[in-house]
Amino acid sequence: MMKKSASLLLVMIFSAFAAFPVWYVIAVSLRKDNAFQAVSWTLWGPNTSLANYRLLFTDTLFPVWLWNSAFVSFVVTLFGLSLAATSAYALSRFPIKGRKTFLTMLLATQMFPATMLLLPFYIVLARLGLANDFWGLLIVYSSSALPFCIWQMKSWFDGLPRELEEAARVDGCTRLQTFFKVVLPVSGPALAITALFQFTTAWTEYAIAAVILQDPEYYTLPVGLKSFQANLATEWGLYAAAAVLVSIPVVILFTLLSRALISGLTLGSVKG
């Protein structure tokens with residue numbers, strides 16, 4: 001009983017430690033005085049309002065940055081998921097010459113930190129005329145996240161029973177029909193994890209976007225939020241309100257996709 005109570009107490013302490021920053025940012029976003037250092041446990045009181053949220057949409061470029069981030073994240077997720085699924089399936093099922101070497105090279109690209117690749121990325125994009133352009137950002141995000149996603153999807157396809165595809169081929173499906181009608185429908189968990197990784201990577205990334213995008217009209221949300229920070233007068237209220245709004249889509253997406261992360265979707269798919 002004592003051991004169970006101690007474990008419960010530890011869970012409550014760590015939960016409070018994790019939840020406090022979220023509570024604090026929400027409290028700062030609701031204050032009128034732009035105070036960041038003053039700690040208050042009151043979430044709503046005489047000195048609170050939704051003015052910072054209103055100012056975000058009326059006096060700043062936040063709606064533009066929100067649209068930019070949504071567009072970039074959606075395209076990167078769709079593009080990356082399509083390439084990762086098809087590439088991983090080919091690497092898993094077809095005897096491609098040099099497959100192991102190719103997979104090793106893909107894995108090796110993940111060993112380099114993103115900051116190390118900033119300058120080469122920018123030079124290549126500048127020569128292609130894609131600096132300060134969404135397409136440049138889309139190419140960098142998709143190419144940098146694709147190796148991990150291919151490895152992840154390939155591991156899933158390797159574990160799928162080949163009898164599923166053989167049964168579909170016996171019933172008259174082509175290889176392409178088998179992939180779309182049999183393989184993809186039972187790959188929900190892997191697709192959900194890959195999509196979530198692609199989306200959160202593009203939604204929250206700052207360093208690469210800050211180098212490639214120079215025009216405030218092209219800023220994504222992380223770069224736009226940084227513009228609220230100044231040496232003499234940081235707008236903490238706007239910063240906190242924007243941080244709260246930025247986190248909401250990720251929380252919603254994770255909640256929705258988490259239902260697809262249940263393992264064992266292929267159980268019972270093969271008769272007998």
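The values are calculated or read from the model by the stated rules, or taken from the named source; none is laboratory data. Everything numeric here is computed off the predicted structure, so don't read it as measured data. When we count neighbours, we look across all protein chains shown, and the Cβ atoms used for this are built from the backbone with ideal geometry, even at glycine. Remember, those area values only see protein heavy atoms, side chains included, never the ligands or the DNA or RNA. Shrake-Rupley method; radii C 1.70, N 1.55, O 1.52, S 1.80 Å.
Just to be sure before I move on: is L221 within 17 Å of L61 (Cβ to Cβ) and modelled with pLDDT of 85 or more in the structure I sent?
Spelling it out, L221 is indeed within 17 Å of L61 (Cβ to Cβ) and modelled with pLDDT of 85 or more.
Going through region 65-80 one residue at a time, which ones are touching a helix residue (DSSP H, G or I) at 6+ places or on another chain (Cβ under 6 Å) and either small (G, A, S) or surrounded by fewer than 19 Cβ atoms within 10 Å (Cβ to Cβ) (or both)?
Result: S69, S73, V75, F79, G80.
Tell me which of these G172 doesn't satisfy, since it passes every other one: (1) surrounded by fewer than 18 Cβ atoms within 10 Å (Cβ to Cβ); (2) on the phi < 0 side of the Ramachandran plot; (3) not β-branched (V, I, T).
Among (1) surrounded by fewer than 18 Cβ atoms within 10 Å (Cβ to Cβ); (2) on the phi < 0 side of the Ramachandran plot; (3) not β-branched (V, I, T), the lone unmet condition for G172 is (2).
Pairs under 6 Å by beta carbon, first residue without any contact (Cβ under 8 Å) to a residue 24 or more places away in the chain in region 78-106, partner β-branched (V, I, T) and open to solvent by 90 Å² or more (accessible area, probe 1.4 Å), six or more apart or different chains?
Matching pairs, first to second residue: none at all.
Could you list, in sequence order, all residues of region 185-227 that are under 11 Å from the mean Cα position of the chain (by Cα) and open to solvent by 40 Å² or more (accessible area, probe 1.4 Å)?
Of everything in region 185-227, those that are under 11 Å from the mean Cα position of the chain (by Cα) and open to solvent by 40 Å² or more (accessible area, probe 1.4 Å) turn out to be I193, F197, T201, T204.
With the requirement that a residue be loosely packed, with under 14 Cβ neighbours inside 10 Å and assigned to a loop (DSSP other than H, G, I, E, B), what does region 158-169 give you?
Passing the criteria: only P161.
Within region 111-152, can you find the residues that are under 19 Å from Y206 (Cβ atoms), surrounded by 12 or more Cβ atoms within 10 Å (Cβ to Cβ) and of a type outside the set (A, V, I, L, M, F, W, C)?
Y122, N132, D133, G136, Y141, S142, S143, S144
Would you call R127 more than 23 Å from the chain's Cα centre (by Cα), closer than 30 Å to P161 by Cβ and charged (D, E, K, R)?
no
Against the condition part of a helix (DSSP H, G or I), within 23 Å of the chain's Cα centre (by Cα), free of Cβ contacts under 8 Å to residues at least 40 places away in the same chain and surrounded by fewer than 11 Cβ atoms within 10 Å (Cβ to Cβ), how does P21 come out, does it pass?
It is true that P21 is part of a helix (DSSP H, G or I), within 23 Å of the chain's Cα centre (by Cα), free of Cβ contacts under 8 Å to residues at least 40 places away in the same chain and surrounded by fewer than 11 Cβ atoms within 10 Å (Cβ to Cβ).
Looking at Q229, Q152, Q198, Q177 in this structure, which one is outside any helix (DSSP H, G or I) and polar (S, T, N, Q)? Explain how you work it out, then say what you get.
Details: Q152 fails: outside any helix (DSSP H, G or I); Q198 fails: outside any helix (DSSP H, G or I); Q177 fails: outside any helix (DSSP H, G or I).
Checking each option against the conditions leaves just Q229.
A167 is checked against (1) closer than 20 Å to F94 by Cα; (2) among the hydrophobic types (A, V, I, L, M, F, W, C); (3) under 27 Å from the mean Cα position of the chain (by Cα) and fails just one. What number does that condition carry?
It is condition (3) that A167 fails.
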